[in-house]
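No value in this document is a laboratory result; all are computed from the given coordinates. Please read all numbers here as calculations on a predicted model, not as lab measurements. Virtual Cβ from ideal backbone geometry, glycine too; neighbours counted across all protein chains shown.
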Amino acid sequence: MAEWEYRKLFLNLHPPQGSELDVLNAAGAEGWELVSVNGNNVAYLKREVDEVVLPTTAHAQQATANGNRASPGGPQEAVVKYRDPVTRETWSGRGRMPNWLKRKQEAGEDIDEYLV
């Protein structure tokens, strides 16, 4: 089953020297498919997501040691930092703490036990 990621482009916010079509063509070159444009000049796009394989911690450390990093401005893969062994839910440590881990912390558990 295909999985999709979605994106919004606010066409009114782009510089006037380029046209809206140039912005949409650039997005299309990156694999984005136009779904619709609403009356407020907001373009909705989607593209199929390839199977996401998160690198292991050792792989990520080796890549950092070798100086290999994701290109600036591009999406960066999140390395799994916490995992619930029962439900297999994960968290990278970025953003808000997920509810499953927050509940464990509030119950007095040491969340370091869930480090990968």
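Under 5 Å between amide hydrogens, built in the peptide plane, is the criterion, and for Met97 it picks out nothing among residues at least 5 positions away or on other chains. If r is the Cβ-Cβ distance from Glu109 to Glu3 and R0 is 30 Å, what FRET efficiency results, to the nearest 0.05? My answer for the efficiency is 0.40. Divided by 2.2 N^0.38 Å, where N counts the residues, the Cα radius of gyration of the stretch 3-49 comes to 1.11.
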